[in-house]
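Chemist: This is the structure I want to talk about, given as structure tokens.
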């Protein structure tokens, strides 16, 4: 088949790791990544780019230094560049991220939750 | 509330027109747009950019000169820049588009389905 749909459920079925985004598509120099998340991520920011979170299944809280946004399935949020944030999911949540190719999940904060970049599924 | 989720259902409830994308978010110089589509669109291409289609509800066929892709809810496709395509929906379908700000829905093909650009909802 020359033209094939990219199916989120199918892609999610192919990995189990948390906080480990998998690329499913590229548009120009941007990537669409799926991730399964659970628990608390680290505080970080992306100084050079905005970052989009879309919740596919479950509930994600994104904490800011001065507030929080709760995203359920069918909701999205744009983190402005340079704004510190910490994603938190009390139970497993499936999300899609949209951001330029090369963005590291923990920004410059590093740590054990830093995932390998540009891993496709 | 300082931080507010962007809810797709809520945004879709605010307009009824077909083939008339409404911007719901910006990330850097890219826009996320919702559209309700039904029937046949016009053949066109976007010579300077890829274009992402994500189906939120319903079924969308995207025809190419040498094939077709069918997208159901929870599926996406990236139209490569310069590739002629024609979206077709046999019944109303709700989609999200992701593309650089300023992209015209009909490319350079024009016609009555050409929508006003940068209309937010």
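Please treat every number below as a calculation from the coordinates, not as lab data. What you see is a predicted model, and the numbers here were worked out from it, not measured in a lab. No Cβ is skipped: glycine too gets one built from the backbone with ideal geometry, and neighbour counts run over all protein chains shown.
Chemist: Somewhere in region A:57-72, is a residue within 11 Å of chain B (Cβ to nearest Cβ), buried (at least 16 other Cβ atoms within 10 Å of the Cβ) and not in a strand (DSSP E or B)?
Modeler: Looking for residues that are within 11 Å of chain B (Cβ to nearest Cβ), buried (at least 16 other Cβ atoms within 10 Å of the Cβ) and not in a strand (DSSP E or B), one finds none in region A:57-72, hence no.
Chemist: Restricting to region A:26-41, name every residue that is surrounded by fewer than 21 Cβ atoms within 10 Å (Cβ to Cβ) and facing another protein chain (nearest Cβ under 9 Å).
Modeler: Once the filter is applied, which keeps residues that are surrounded by fewer than 21 Cβ atoms within 10 Å (Cβ to Cβ) and facing another protein chain (nearest Cβ under 9 Å), region A:26-41 yields A:26, A:28.
Chemist: Here is a follow-up. Could you grab me the full set of residues in region A:5-22 that are within 12 Å of another protein chain (Cβ to nearest Cβ) and touching a strand residue (DSSP E or B) at 6+ places or on another chain (Cβ under 7 Å)?
Modeler: Listed by number, the residues that qualify are A:5, A:6, A:7, A:8, A:11, A:12.
Chemist: Let me ask something else. Listed residues A:108, A:94, A:81, A:86; which is over 23 Å from residue A:14 (Cα atoms), part of a strand (DSSP E or B) and in contact (Cβ under 8 Å) with a residue 24 or more places away in the chain?
Modeler: A:86
Chemist: Would it be correct to say that residue A:84 is surrounded by 14 or more Cβ atoms within 10 Å (Cβ to Cβ) and touching a strand residue (DSSP E or B) at 6+ places or on another chain (Cβ under 6 Å)?
Modeler: No.
Chemist: Would you mind stating whether residue A:102 is facing chain B (nearest Cβ under 9 Å), surrounded by fewer than 22 Cβ atoms within 10 Å (Cβ to Cβ) and over 12 Å from the mean Cα position of the chain (by Cα)?
Modeler: no
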